[in-house]
Amino acid sequence: MNITISSLEKKHFPVMLDEVVQTCLINNKNQLILDCTFGGGGYSRELLKFPNVKVIAIDRDKSVINRGKNLEKEFPKKFTFFNEKFSNLDKVIKKENEPDIIIFDLGLSTFQLQDYSRGFSFKSNEKIDMQMGLSKISAEDVINTLDEKNLKLIIKILGEEQEAGKIAKNIIKARAIKKIDTVTELVRIIEISKKKNYNKKINVCTKTFQALRIFVNKETTELIEGLIKASQIIKFGGKIIVISFHSIEDKIVKYYFTNYSSNKSNPSRYMPIENNQKNSFFKKYKNNFLIPGPEELIRNPASRSAKLREAVRTKQEFIYPKEFKEEFKKYIDIENAAV
Ligand SMILES: C[S@@+](CC[C@H](N)C(=O)[O-])C[C@H]1O[C@@H](n2cnc3c(N)ncnc32)[C@H](O)[C@@H]1O
């Protein structure tokens, strides 16, 4: 069959679906799976095909509520959906309902990216919105009201963009003449600001767009809170699976799994070992991760930066990982900059 990549790109492909299903279904016992990133429902739907699996799913995006409700009708005894954020996981899970598996498939769904009215894609010519859902501000607010210092910081730190200073300066200049209304106007400002394209493989706008999206949705704070809550509510012996797509996300997940696992019993640089030794609520974690195979990369090029990491919960008592938040305070503080 002759299928072009461009026609395939428009479809929704759950990333590393086979790997996720295999990782979830270790044996034949009854499993409760918490899908924290329902999106197109790809993982939930596939997992519900197994007779001994029940799924609870959440997503912050209002536009997926209907999809969630339809799946509830299809699997009334096996599936429940909540429009919620990672940071409220503990509100969704009741004490007697501890999940065996918790999955986070981070970032945007194809549906969000391809709905140009949401302004996530630099191909859009609509409002610069970028709200995933249950967010308090839009990217339009950020671009048009935040001061230059904070704009630069957001683009530099959350986007890892080397020319952040120039981009922030040009945003301020442009909005002094006229409010920046559309994605096309923002794209133009970034293009004239970027003299060098250090990484020819990615669009010049990618990093700035990533930064704005992370900021608007407080994505690093959400991930940190989500991982902490997931470790509190998961069953002993249960697994947390995370698929990340960029280096900040991956750094956070890797740090958390490594520093709170039994191979590393003293996660804090600041605390004496004796106070800290017990905080190993994950089994040994040796920086293992999976990436998509060659066939998936052809079918779905957007999966190229995916990394799947998993950690298994021990029976250790959960001690709040304060130093985890300390380690990534820089990101949390930036995300809290007032707009
Ligand atoms: C990559 S998509 C998931 C795709 C899904 N695995 C599938 O198979 O269709 C990520 C989804 O997670 C949601 N999401 C991102 N951050 C979230 C958060 N903090 N809380 C709840 N949902 C979130 C997004 O709205 C998006 O729908």
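For this structure, a couple of remarks:
- When we screen A139, A164 for residues that are touching a Leu at 6+ places or on another chain (Cβ under 9 Å) and either of a type in the set (F, W, Y) or within 21 Å of S247 (Cα to Cα) (or both), the only hit is A164.
- Scanning segment 99-117 for residues being within 24 Å of L48 (Cα to Cα) and surrounded by fewer than 17 Cβ atoms within 10 Å (Cβ to Cβ) gives a total of 1.
- Picking from residues in segment 92-122 that are of a type in the set (D, E, K, R) and touching a residue at least 24 places away in the same chain (Cβ under 8 Å), the one that is farthest from V204 (Cα to Cα) is E98.
- Members of segment 136-155 found to be touching a residue at least 24 places away in the same chain (Cβ under 8 Å), surrounded by 19 or more Cβ atoms within 10 Å (Cβ to Cβ) and not hydrophobic (A, V, I, L, M, F, W, C), listed by number: S138, E140
- Scanning segment 1-36 for residues that are at pLDDT 95 or above and in a loop (DSSP other than H, G, I, E, B), we see that the one that is farthest from the ligand (Cβ to nearest atom) is M16.
- When we screen F81, F120 for residues that are assigned by TED's automatic domain parsing to the domain that holds V53, within 12 Å of the ligand (Cβ to nearest atom), more than 25 Å from T314 (Cα to Cα) and crowded, with 19+ Cβ neighbours inside 10 Å, the only hit is F81.
- Counting only helices (runs of 4 or more DSSP H) wholly contained in segment 176-256, the ones carrying 2 or more residues that are over 20 Å from the mean Cα position of the chain (by Cα) and either surrounded by 16 or more Cβ atoms within 10 Å (Cβ to Cβ) or in the same structural domain as I155 (by TED's automatic domain parsing) (or both) occupy 183-193.
- Test set (1) within 30 Å of R175 (Cβ to Cβ); (2) in contact (Cβ under 8 Å) with a residue 40 or more places away in the chain; (3) among the hydroxyl-bearing types (S, T, Y) - S87 fails condition number: (1)
- Just one of the listed residues (L89, L71, L47) is within 14 Å of the ligand (Cβ to nearest atom), more than 21 Å from I243 (Cα to Cα) and surrounded by 17 or more Cβ atoms within 10 Å (Cβ to Cβ), and it is L71.
- Entry remark, segment 123-150: residues being in the same structural domain as R188 (by TED's automatic domain parsing) and of a type in the set (D, E) number 4 in total.
- Index of the failed condition, P76 passing every other in (1) at pLDDT 95 or above; (2) of a type outside the set (S, T, Y); (3) within 16 Å of the ligand (Cβ to nearest atom); (4) within 30 Å of F236 (Cα to Cα): (3)
- Note on segment 123-135: residues that are in contact (Cβ under 8 Å) with a residue 24 or more places away in the chain, more than 20 Å from E84 (Cβ to Cβ), crowded, with 16+ Cβ neighbours inside 10 Å and not hydrophobic (A, V, I, L, M, F, W, C) total 2.
The values are calculated or read from the model by the stated rules, or taken from the named source; none is laboratory data. Because the structure is a prediction, the values reported are computed rather than measured. Counting neighbours? That spans all protein chains shown, and the Cβs are built from the backbone with ideal geometry, glycine included.
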